[in-house]
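Undergrad: Supplied in structure tokens, the structure appears directly below.
The values are calculated or read from the model by the stated rules, or taken from the named source; none is laboratory data. Owing to the predicted nature of the structure, the values given are computational and were not obtained by experimental measurement. Positions of Cβ are generated from backbone atoms using ideal geometry, with glycine treated the same way; all protein chains shown enter the neighbour counts.
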Ligand SMILES: Cc1cc2nc3c(=O)[nH]c(=O)nc-3n(C[C@H](O)[C@H](O)[C@H](O)COP(=O)(O)O)c2cc1C
């Protein structure tokens, strides 16, 4: 990634860092940037290309120290405790990956405790993030994901279980959540307070409600409010950061201590170089040519082959990234369609070779929103869920099943 073209307007470079390093428990994260966990995306392979880009960006901007924080895609506590082959593969890290960060999805304190103990004592995790943001109907219908913080005691006891097990290995625990179920049922302020009281090391807010799913815009004013309320630990802002300039704007508007970036880096891992540079006070931005994008895409596919241990699986996986990598470039629909059906690394090489490597970065056409959008919806919840903030017996039984139906993050 160090070879990527750096188009710059260095005139405005101040060299003054925008924020101090992010401190998450014992970890000092030089660039206050977190790769958002994304199911099916932020595996070991994707994290590696993001890390390489981020490190190159840090080096180019003259900063030193640990790179950004790259969180694993979510794994359910139950699957982990049962040591399912898939969950064990999901928690893999590269040898040189530090901190080794894992996101857990949990619905009960006992399984949470077991999963965290296992991660800390047997799997070498350095950081655990708890996912309370999933808006998928299958999950919220059983009271899991973004529906869970509504039940104050349950939320608090899951966080407490994770923090207490993490503390035994000096492993900080953070929470990532949405603003609430919908605008009438916001949970983020009291959930964050409870999480901080229980000892989390940071709080991340995706400033949308579950009802918004990925539609509309994230309401950054809620991040600002959260930052005003929570002063003991870092507050991380998340939602709609598509460029380094967006990240700086979020910090400016909300006062948050760091940013969490999801869809903006899909097909664009070099965004981590831009982010590192921006937070180090420089205007250096990576603007790759089509040839460089093709090389990154190829490397991603190669790393996926190592991750899946299977070339065909890796090719199937890389297909969903193609449109993101090529966004805005003048590559015809025929080549795009062929790339979206690629079934071997050799075929991928042949197709990439047909792209004009000197095509420059297309600018605005490649910027802006990418990945999921969709529309807002009514959130499916267990019966009478909203009637009380305490859990009744029927609901308890339903929540216990919530973990079995998790398929996706969010
Ligand atoms: C494909 C995809 C998968 C996701 N999976 C997870 C997940 O496993 N855990 C989680 O907490 N959030 C998950 N999210 C939500 C993101 O972490 C992030 O909160 C959200 O995309 C908003 O940030 P953004 O606007 O920067 O994308 C997912 C989002 C996408 C698009």
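Undergrad: Answer with yes or no whether residue 161 is under 18 Å from residue 81 (Cα atoms), away from the ligand (no atom under 16 Å from the Cβ) and assigned to a helix (DSSP H, G or I).
TA: So residue 161 passes the test.
Undergrad: Let me ask something else. Mind counting the residues in the range 141-158 that are within 16 Å of the ligand (Cβ to nearest atom) and in a helix (DSSP H, G or I)?
TA: Selection size over the range 141-158: 7.
Undergrad: Restricting to helices (runs of 4 or more DSSP H) lying wholly in the range 82-140: which have 2 or more residues that are away from the ligand (no atom under 16 Å from the Cβ) and either assigned by TED's automatic domain parsing to the domain that holds residue 173 or surrounded by fewer than 20 Cβ atoms within 10 Å (Cβ to Cβ) (or both)?
TA: Where helices (runs of 4 or more DSSP H) fall fully within the range 82-140 and carry at least 2 residues being away from the ligand (no atom under 16 Å from the Cβ) and either assigned by TED's automatic domain parsing to the domain that holds residue 173 or surrounded by fewer than 20 Cβ atoms within 10 Å (Cβ to Cβ) (or both), they are 85-90, 109-121.
Undergrad: Just the residues that are modelled with pLDDT of 95 or more and crowded, with 17+ Cβ neighbours inside 10 Å, please, taken from the range 360-378.
TA: Correct list: 361 only.
Undergrad: Taking the options 236, 248, name whichever one is assigned to a helix (DSSP H, G or I) and within 16 Å of the ligand (Cβ to nearest atom).
TA: One residue alone meets the criteria, 248.
Undergrad: Still on this model: Kindly establish whether residue 390 is assigned by TED's automatic domain parsing to the domain that holds residue 240 and in contact (Cβ under 8 Å) with a residue 60 or more places away in the chain.
TA: So residue 390 fits the description; yes.
Undergrad: Then there's this: How many residues are farther than 19 Å from residue 202 by Cα and surrounded by 22 or more Cβ atoms within 10 Å (Cβ to Cβ) if we restrict to the range 242-265?
TA: 3
Undergrad: Out of (1) without any contact (Cβ under 8 Å) to a residue 40 or more places away in the chain; (2) touching a helix residue (DSSP H, G or I) at 6+ places or on another chain (Cβ under 9 Å), the odd one out for residue 365 is which?
TA: It is condition (2) that residue 365 fails.
Undergrad: Go through (1) surrounded by fewer than 24 Cβ atoms within 10 Å (Cβ to Cβ); (2) at pLDDT below 95 and name the single condition residue 282 misses.
TA: (1)
Undergrad: Confirm whether residue 41 is surrounded by fewer than 24 Cβ atoms within 10 Å (Cβ to Cβ), under 29 Å from residue 109 (Cα atoms), at pLDDT 95 or above and within 10 Å of the ligand (Cβ to nearest atom).
TA: So residue 41 fits the description; yes.
Undergrad: Kindly indicate whether residue 241 is without any contact (Cβ under 8 Å) to a residue 24 or more places away in the chain, within 15 Å of the ligand (Cβ to nearest atom) and closer than 30 Å to residue 198 by Cα.
TA: yes
Undergrad: In addition: Quick check on the range 193-217: of everything there that is surrounded by fewer than 22 Cβ atoms within 10 Å (Cβ to Cβ) and within 12 Å of the ligand (Cβ to nearest atom), which residue is farthest from residue 165 (Cα to Cα)?
TA: Result: 216.
Undergrad: Failed condition for residue 16, given (1) surrounded by 21 or more Cβ atoms within 10 Å (Cβ to Cβ); (2) at pLDDT 85 or above, with all others met?
TA: Here residue 16 clears every test but (1).
Undergrad: Another question, if that's okay. Name the residues in the range 58-71 that are modelled with pLDDT under 95, assigned to a loop (DSSP other than H, G, I, E, B) and under 21 Å from residue 36 (Cβ atoms), would you?
TA: Passing the criteria: 66, 67, 68.
Undergrad: Looking only at the range 169-178, decide whether some residue is more than 14 Å from the ligand (Cβ to nearest atom), out of contact with any helix residue (DSSP H, G or I) (no Cβ under 7 Å at 6 or more places or on another chain), more than 19 Å from residue 379 (Cβ to Cβ) and outside any helix (DSSP H, G or I).
TA: Within the range 169-178, one or more residues are more than 14 Å from the ligand (Cβ to nearest atom), out of contact with any helix residue (DSSP H, G or I) (no Cβ under 7 Å at 6 or more places or on another chain), more than 19 Å from residue 379 (Cβ to Cβ) and outside any helix (DSSP H, G or I).
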